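Here's the structure, in structure tokens; my notes come after.
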Amino acid sequence: MKFKGIIPALVTPFNEDYSVNYDSLKVLTNRLIDKGVDGFYVCGSTGESFLLEKEERKKILESVVEETAGRVPVIAHVGDIWADRAAELATHAAKVGADAVSAVPPFYFKFTFDEIAEYYKIIQNAAGLPLIIYNIPVLSGVSVTSDNLGQIIAACDVEGIKFTSNDMFELSKIRAAYPDLCLLNGFDEIFINALPVGIQGAIGSTYNIMPEKFSKILKAFKAGDLESAAQTQKQANEIIDILIKTDVKSGIKYILTKAGIPCGSCRRPFAPLNKEKTDLLDKVLELL
């Protein structure tokens, strides 16, 4: 299976004027490959996808694909509330060499699940690439479950699902119902809990700054060293707990900037970090 292991959901670095910092994006891409990551997830939630212009999303993907140069797979998040715009992004992803497309379900208007299934069909028809559903009900308001996943699978060829939910019971039901589906965990703090269910890997925000910890968890779990895996997850969760208090994306950008990769702030209406939050993040730098 091509999509497995530790896959960072890339942040989108910005300059001081909030334009995309493509130089930092290329440096980050190479640094993470050097650290042994197994792929990239581009322009997802962590990448501030819905705060980007369509043409920016295209150019960001082009930059990552070019810099990666086939060393690891690249998954392009093309999700959008409008199916035609998502299809355009999917067509572009295929054209520039992405290995798969992914999409959050269309949100806000409370579409029927038949409409959601059709949306995924439109995207895959446009891309002709493997499709990875992005299930993140806490943000999209849509839950992809073992009961309704079949509607999407009946409409198009689904490679896998990025499961960003705490519901391990539902994840286990999806694994049982679809044993050949690629399952990728989405919440970094419960990575170790998802491993026994039978996931192939994970796509996560904090892999931008500490992919080694999660590679270590995965390696220890496969070796049967559950004590070491649990201890490393505990260490990662100490950092994640601080990041959650500062907004994860903003915190990661601050840490990367301190590490020599300027990433700027998140786009408005996200607020710049205040001193209270940067003081907390300085503790993360010590833990790392």
In the stretch 255-288, residues that are in contact with an Asp or Glu (Cβ under 7 Å, 6 or more places away or on another chain) and more than 19 Å from Thr46 (Cα to Cα) total 1
Among the residues of the stretch 273-288, which ones are part of a loop (DSSP other than H, G, I, E, B) and in contact with a helix residue (DSSP H, G or I) (Cβ under 8 Å, 6 or more places away or on another chain)?
Leu273, Leu288
Go through (1) outside any helix (DSSP H, G or I); (2) of a type outside the set (A, V, I, L, M, F, W, C); (3) on the phi < 0 side of the Ramachandran plot for Gly224 and report which single condition fails.
(3)
Residue under question is Ile116, and the condition is that it be of a type in the set (Val, Ile, Thr), surrounded by 24 or more Cβ atoms within 10 Å (Cβ to Cβ) and out of contact with any Leu (no Cβ under 8 Å at 6 or more places or on another chain); does it hold?
no
It is to be established whether one or more residues within the stretch 20-40 are in contact with a strand residue (DSSP E or B) (Cβ under 7 Å, 6 or more places away or on another chain), in contact (Cβ under 8 Å) with a residue 12 or more places away in the chain, outside any loop (DSSP other than H, G, I, E, B) and surrounded by fewer than 21 Cβ atoms within 10 Å (Cβ to Cβ).
yes
Single residue of Ile75, Ile33 found to be farther than 22 Å from Val138 by Cβ and among the β-branched types (Val, Ile, Thr)
Ile33
Give the residue that is farthest from Ala194 (Cα to Cα), with candidates limited to residues of the stretch 4-16 that are surrounded by 24 or more Cβ atoms within 10 Å (Cβ to Cβ) and of a type in the set (A, V, I, L, M, F, W, C).
Val11
Among (1) touching a residue at least 12 places away in the same chain (Cβ under 8 Å); (2) under 18 Å from Lys213 (Cα atoms); (3) among the aliphatic types (A, V, I, L, M), there is one condition Leu226 misses while meeting the rest; what is its number?
(1)
Looking at the stretch 62-81, which of its residues are at positive phi and either buried (at least 22 other Cβ atoms within 10 Å of the Cβ) or aliphatic (A, V, I, L, M) (or both)?
Ala69
Considering the stretch 82-113 alone, what residues qualify as being surrounded by 17 or more Cβ atoms within 10 Å (Cβ to Cβ), in a loop (DSSP other than H, G, I, E, B) and over 19 Å from the mean Cα position of the chain (by Cα)?
Phe111
Of the criteria (1) surrounded by fewer than 21 Cβ atoms within 10 Å (Cβ to Cβ); (2) basic (Lys, Arg); (3) part of a helix (DSSP H, G or I), which one Lys253 fails:
(1)
Can you find a residue in the stretch 136-144 that is in contact with a helix residue (DSSP H, G or I) (Cβ under 7 Å, 6 or more places away or on another chain), modelled with pLDDT of 95 or more and buried (at least 21 other Cβ atoms within 10 Å of the Cβ)?
no
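The values are calculated or read from the model by the stated rules, or taken from the named source; none is laboratory data. What you are looking at is a predicted structure, and each value in this text was computed from that prediction instead of being measured. We place every Cβ from the backbone using ideal geometry, glycine too, and count neighbours over all the protein chains shown.
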